[in-house]
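Encoded as structure tokens, the structure appears first; notes follow it.
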Amino acid sequence: MKKKLLSVLLVVALFFVLGMSAQLQAKISDLRLYVNGSQINSDVVLINGKSYLPLRVVADAVGLEVVYDGTNRRIDLNSSEQVVDDAAPEPDESTPPVENNRKNPAKIGEGWRLYIDSWIDGEAVIDMVMTEIISGDEAWRLLEDANMFNSAPEDGKEYILAKFKVTVVSTEDDKPFKLSQFSFDTVSEEGVVYDSDFAIGPDPAFRTDVYAGATHEGWVPFYVNSSDNPLAVYDRGQDWSLWFSLR
């Protein structure tokens, strides 16, 4: 009650400062203000039968910036700068991806939803995105530390480490979805499939089982020509194959 009374006194005092008539009747009303269906948490003051609200409350409610210039006795209301949403778009839940292919591979941060129907996993829906790429000497250092039996790259060759994040949306009969680095093939820029050269990647490894509702992120190693712009493809040859650019 003291807070509401103070609000009334402040409003009335403001009218006196501005030179308005002292014959004012001010009170806190029981009116509630809504903007686009959302209630604004501020008292509405009635002065001589008219409703008043603090300017900043109204400006915030409609997305305007209040700038007070005391020197020039000026108040500006400016439109707020447009906020650009840089978040990656949610994968389309209605249909499988149709734009991803060898000529248009996914890049870092581009998420895709896969609708899988295989004899191993049955029916499953997963979201997959490549989150990071490490190549050259740094990739080899990580692989060398990961396992002493990993072979050093030959001349003209290099390792590329790609980190993939998978969220399992649903599986058949709530079975775990199996993730494996052997689900990936490497294809050259010209379209030639690389021979599989096994290497044990650093932790976290991509290989694991994931139940619906869970997410896993892990590294997959690729062994390629240093001069190539190679592609990685998940489940090559399937309707849900997903291509990624490794450069």
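Read-outs throughout are calculated quantities, based only on the coordinates presented, and are distinct from any laboratory measurement. Model, not experiment: these values are computed from the prediction. Using ideal geometry, Cβ is built from the backbone for each residue, glycine included, and neighbour counts are taken over all protein chains shown.
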Worksheet item: Among Ser241, Ser180, which comes first, second and so on when ranked by fewest other beta-carbon atoms within 10 Å?
Response: Ser180, Ser241
Worksheet, complete the sentence: Residues other than Leu31 with Cβ under 12 Å of its Cβ, Lys/Arg counted +1 and Asp/Glu -1, net out at +1
Worksheet entry | Packing-based exposure ordering (other Cβ within 10 Å, fewest first) of Val125, Val67, Val44 | Val67, Val44, Val125
Response to the item:
Asp173 neighbourhood, Cβ < 15 Å, K/R = +1, D/E = -1, net charge -4
